[in-house]
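Q: Mind having a look at this structure? Questions to follow.
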Amino acid sequence: MDKYKSVFDIIGPIMIGPSSSHTAGAVAIGRVGHTLVEGVPSRADIHYYDSFARTHSGHGTDYAIISGLLGFAPDDPRVPDAIGIARRQGMDLTFHEEDEPSPIDHPNTAVLDLQGPAGRVIYAACSIGGGTIEVRRINLDGCLITPPGLLPILLVELDESEKSAGRRLERIRDLLREEGVTKQTRYEPEGPAGMAVYEFDLDNPLSAQQQRQIAGHSSRMIYID
């Protein structure tokens, strides 16, 4: 029960059905991709595992994930038509039913390989019930990030070769300490020397003002909620 913050995380959100786990949760998984690539992807390879692989078509998981990639909310009336909408917009879209077990050890697993405005991103997420999801792996700029799972997730990229990097990082830490956030993990992506990605473990959402403040001290900020 500690994974759920309210009764609505168990009974499910307001949504286009039929299933909170396979439909509403799948919309949330897709919306993560919309955030990571900073818009609608031009290509989406979607790999299903275990329960998702067996039931995705009948439970609306396909159109639900694509709805999220398009930025739709779970109760958007366009959700059932999302695949057609995406293809008319030029999205190269492929679904794969994988035989092997989930790489993140959950029956409702999807791994999305996307190309979008911000480049290529691969991530693994699972729907754990009531429309709630966990994001357990993110491959960003060749860097494998393993967040704790539940949203929200905050990723901050900094160019540590800049003289101001240390001061900027400390200011971000100060802002997050005010919210009780103290745990962070540092990653080094492939690419230009000096770049680092910090993942901060959040228990509560950040306000729009907090997001703007953190973004102002970052080379790039990704906030997934």
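Q: If I fit a long axis through the Cα atoms of helix 165-177 and take the longest principal axis of the Cα atoms of the chain, what angle between them do I get, 0 to 90°, rounded to 10?
A: 60
Q: What is the set of long-range amide H partners of residue 150 at a cut-off below 5 Å, with H atoms built 1.01 Å from backbone N?
A: Amide H neighbours of residue 150: 135.
Q: Also, I was wondering about something else. Net charge within 14 Å of residue 194 by Cβ-Cβ distance, Lys/Arg positive one each and Asp/Glu negative one each, not counting residue 194 itself?
A: Neighbour charge sum, excluding residue 194 itself: -3.
Q: What is the set of long-range amide H partners of residue 76 at a cut-off below 5 Å, with H atoms built 1.01 Å from backbone N?
A: 16
Q: Now a separate question. Could you point to the residue in 221, 27, 61 farthest towards the positive end of the chain's charge dipole, with +1 and -1 charges on the Cβ of Lys/Arg and Asp/Glu respectively?
A: 221
Q: Still on this structure, I have one more. Could you give the size of the charge dipole of the chain about its Cα centre, using +1 on the Cβ of each K and R and -1 on the Cβ of each D and E, expressed in debye and rounded to the nearest 20?
A: Roughly 560 debye, rounded to the nearest 20.
Q: Using just the helices of the chain, give the 222 nm mean residue ellipticity in deg cm²/dmol: DSSP H runs with n ≥ 4 each add -39,500 (n - 2.57), and the total is spread over all residues, rounded to 500.
A: So the helix-based figure for the chain works out to -7500 deg cm²/dmol.
Q: Normalized C-alpha radius of gyration of region 152-224, against 2.2 N^0.38 Å?
A: This ratio for region 152-224 stands at 1.03.
Q: Taking the inverse of the average 1/r across all pairs of different Cα atoms in the chain, what Kirkwood radius in Å do you get?
A: 17.9
Q: Just want to confirm a number: the relative contact order over the chain, from Cα pairs under 8 angstrom separated by 6+ residues, in percent.
A: 21
Q: List the residues whose amide H sits under 5 Å from the amide H of residue 160, counting only those 5 or more places along or on another chain, with H placed 1.01 Å from N in the peptide plane.
A: Amide H to amide H, under 5 Å and 5 or more residues apart or across chains, residue 160 pairs with 195, 196.
Q: How large is the charge dipole for region 88-173, taken about the Cα centre, if only the Cβ atoms of Lys, Arg (+1) and Asp, Glu (-1) carry charge, to the nearest 20 debye?
A: Dipole size: approximately 600 debye.
Here, each number is a calculation from the coordinates, and none is a lab measurement. Because the structure is a prediction, the values reported are computed rather than measured. Ideal geometry is used to build each Cβ from the backbone, glycine not excepted, and the neighbour counts take in all protein chains shown.
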